[in-house]
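Every number in this text was worked out from the coordinates using simple rules, so none of it is lab data. Computed from a prediction, not measured in an experiment: that's the story for all the values here. Virtual Cβ from ideal backbone geometry, glycine too; neighbours counted across all protein chains shown.
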Amino acid sequence: MGNPVRVAIIGVGNCASSLVQGVEFYKNAKKTDFVPGLMHPIVGGYHIRDIEFVAAIDIDKNKVGKDLSEAIYTKPNNTVRFADVPKKDVTVVRGMTHDGLGKYLSQIIEKAPGPTADIVRILKETQTDVVVNYLPVGSEEATKWYTEQILTAGCAMVNCIPVFIARDPAYWQKRFVEAGVPIIVAITKADKERSDPDRVKGELSLPLQEFGWKLLKGRYLNGSGTFNLSLQNGVLFLAPQTIVVKGKPVPDMYMQGLRNQNFAASLTNQPDVSAVLQGLQEIQVNDGKLIVVPKEKQ
Ligand SMILES: NC(=O)c1ccc[n+]([C@@H]2O[C@H](COP(=O)([O-])OP(=O)(O)OC[C@H]3O[C@@H](n4cnc5c(N)ncnc54)[C@H](O)[C@@H]3O)[C@@H](O)[C@H]2O)c1
């Protein structure tokens, strides 16, 4: 794409650590690679390596003043170290505390001394495009305060915490529209099994012969996988997206042929199952839930 996406982080905690390490870990991911920690290596033409961290804000005395690459590994952060992040030349600046330091966190960390940095000026000077909010849960006042700084600086916002900004049409949505900048609510995808909320997970045992490998008659591929599940014109469609055998992902060259196969085809051929499916409008997996919508009665 050429231009990087310049990102500022509010709250250099465990989520920030995953994000910064993840960008390093996946910087060379190919479009076709197996990337369990990402939904897609490329989104809208931007590759994961196009993300550039340009500012970081926290209030913890042990993190403020450190380079971002060091602050992400600083206690009480305990995210597994899965990537060595090189120096970023981004010094963590002191933010506005408000309710960010709640009952429990205040027993663990000490507030950094000194005044609050001029957040609007920093966001403008660093030409930040997007600000990611990773404040502790419950930081309502702090989130609102930072949202004002973000709007004044004219940045986009990705809100990762359960303080409702984007869904408030009467006030915040209007403010973002007026400022001409987007706000997005993000669900973090963790690099671990069973973390993909829109797919079905399961064990599988594939008779290889049926999938085109005639020489392997009688042999089975046993493992676990993630599947896309959908209902199209009364036909249930269950297509594997990733398969892991003995802890190792099946290489993409084999997966390409399998991703369009319907593993539920034989189910649809059974009359009783078919009758049930004909009565359904839709089946989908969304945010970890199986949603089954029956057809409306005529
Ligand atoms: N969207 C998702 O899918 C998702 C997934 C996991 C966690 N979360 C949310 O992300 C948030 C961060 O989670 P975490 O595990 O990284 O928490 P964490 O406690 O590890 O990190 C929070 C960081 O914010 C800092 N902080 C506190 N008050 C601050 C302030 N006023 N200004 C700047 N920094 C401040 C803390 O010092 C700490 O470094 C939580 O609200 C959590 O609920 C969202």
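Taking the number of other C-beta atoms within 10 Å as the exposure measure, put 230, 139, 69 in order starting with the fewest.
Working: 230 15, 139 25, 69 19.
Least to most surrounded, the residues fall as 230, 69, 139.
Show me 10-19, 269-278 ranked by packing, highest mean number of other Cβ atoms within 10 Å first. Present the calculation step by step, with values, prior to reporting the outcome.
Working: 10-19: 23.7, 269-278: 11.5.
Packing order, densest peptide first, comes out as 10-19, 269-278.
Sort 124, 31 so that the residue with the fewest other Cβ atoms within 10 Å of its own Cβ comes first and the one with the most comes last.
Working: 124 14, 31 10.
In order of increasing Cβ crowding within 10 Å: 31, 124.
Restricting to segment 5-185, what percent of DSSP beta bridges are antiparallel, rounded to 5? Provide the component values of the computation, followed by the final result.
Numbers: 4 of 24 bridges.
Beta bridges within segment 5-185, antiparallel portion: roughly 15 percent.
Does segment 101-141 come out rounded, prolate or oblate by the C-alpha gyration tensor, with a ≥ b ≥ c the root eigenvalues, rounded set by a/c under 1.5 and, if not, prolate when a/b is larger than b/c and oblate if not? Before the final figure, lay out each step's value.
Working: a/c = 3.18, a/b = 1.69, b/c = 1.88.
Verdict is oblate for segment 101-141.
Explain nothing, just compute: Karplus ³J(HN,Hα) = 6.51 cos²θ - 1.76 cosθ + 1.60, θ = phi - 60°, for every residue of segment 52-68 in order, whole Hz, x for Gly and Pro.
10, 7, 10, 7, 8, 10, 8, 10, 6, 4, 7, 10, 4, x, 8, 5, 3
To the nearest 0.05, how large is the calculated FRET efficiency for residue 235 and residue 208 if R₀ is 22 Å and r is the Cβ-Cβ distance?
Working: r = 24 Å, r/R0 = 1.09.
The pair residue 235/residue 208 has a calculated efficiency of 0.35.
For the pair residue 166/residue 152, report the inter-label distance in nm, with labels modelled 7 Å from Cα in the Cβ direction.
About 2.5 nm separates the two model spin labels.
Between residue 73 and residue 274, what FRET efficiency follows from the Cβ-Cβ distance if R0 is 45 Å, with the result rounded to 0.05?
Values: r = 55 Å, r/R0 = 1.23.
Rounded to the nearest 0.05, the efficiency is 0.25.
Hey, got the dipole for segment 116-158? About the Cα centre, +1 on K and R Cβ, -1 on D and E Cβ, debye to the nearest 20? Before the final figure, lay out each step's value.
Working: 3 positive and 6 negative charges, 13 e Å.
It comes to approximately 60 debye.
Classify segment 5-185 from the C-alpha gyration tensor, please: rounded if a/c falls under 1.5, else prolate or oblate depending on whether a/b exceeds b/c.
Numbers: a/c = 1.58, a/b = 1.10, b/c = 1.44.
In terms of gyration-tensor shape, oblate.
Between segment 246-286 and segment 32-110, what is the separation of their alpha carbon centroids in Å?
Measuring centre to centre over Cα atoms gives 39 Å.
For residue 32 and residue 108 in the same chain, what is the full-extension length gain: residue separation times 0.36 nm, less their Cα-Cα distance, in nm? Can you show the working numbers first?
On the way: separation 76, 0.36 × 76 = 27.36 nm, distance 4.27 nm.
Contour length minus Cα-Cα distance gives 23.1 nm.
Residues in segment 230-270 near a label at residue 219, defined as backbone nitrogen under 11 Å from the 7 Å Cα→Cβ point?
none
Which order results if 82, 53 are arranged by neighbouring Cβ count within 10 Å, fewest first? Intermediate values should be presented prior to the final figure.
Working: 82 13, 53 25.
Exposure proxy ranking, most exposed first: 82, 53.
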